[in-house]
Every structure is written in C-alpha cells, then in structure tokens.
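Take a look at the structure below.
The values are calculated or read from the model by the stated rules, or taken from the named source; none is laboratory data. Quantities reported herein were computed from a predicted structural model and do not represent experimental measurements. Surface areas here come from the heavy atoms of the whole protein model, side chains and all, with no ligands, DNA or RNA. Shrake-Rupley method; radii C 1.70, N 1.55, O 1.52, S 1.80 Å.
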Amino acid sequence: MMRIFKIVAFLEGISLLVLFSNMIFLKPTNMELYKTLLFPVGMAHGLLFIGYIILATMFKMEENWPFKKYFQVCIASVIPFGTFYVEKKIL
C-alpha cells in the first residue's frame, strides 16, 4: 500500500509541475495548444490529487499518523515539489 501511495505522490507532483508549466509557458505563446493540453493535464492532475488525499487519509487511519504529519502530507500536495519532499523525508 505504501508503494502505491509513493507512486501516486510522484505522479501527482509531476502532473502539478506539468500543469504549472502549461499555464506559464504555453498560454502566452500558443493559446490553441494551451487549450488542447489543459483539459487532459488538468483532469489527470485532479484525479491524482483526489487519489493522493484519499490514500493519505487511509494511511492516517491505518497507521495512526499524528495530525501534524497528516496535515504536512496534505499541504504538500498543493505546493510544487511538495510531494517529492513528502516521499523522501516524511514517508
């Protein structure tokens, strides 16, 4: 189960970075490509985010994580590179 959580955390972090780079680099230069890529990347990121939060909640209940650790894991999902930090340092 922990392996699945680490994989989801990694993929969620990658999707967040791809989504940010899509917004920063493609939007000003090529609006049509931006609109084409935004939906699939945004949908993938949304699904991975929901999976990440659900798995974090499951681990909190199963392994009796303290609230501070659970809060750090959840907040890391909205910070760029946060899930990579969680994967290496907290888990």
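Of all complete DSSP H helices in the chain, those with a Cα span along the helix axis of 24 Å or greater and a mean Kyte-Doolittle hydropathy of 0.5 or more are 2-21, 31-63. Excluding same-chain neighbours fewer than eight residues apart, the lysines reachable from Lys69 by a Cα-Cα span under 22 Å are Lys6, Lys60, Lys88, Lys89. Here, the stretch 44-91 has an Rg and a Dmax of 10.3, 29 Å when only alpha carbons are counted. For the chain, the Kirkwood radius over C-alpha pairs fed into Stokes-Einstein at 25 °C and 0.890 mPa s yields D = 178 µm² per second. Surface composition of the chain: carbon and sulfur make up 72 percent of the accessible area, probe 1.4 Å.
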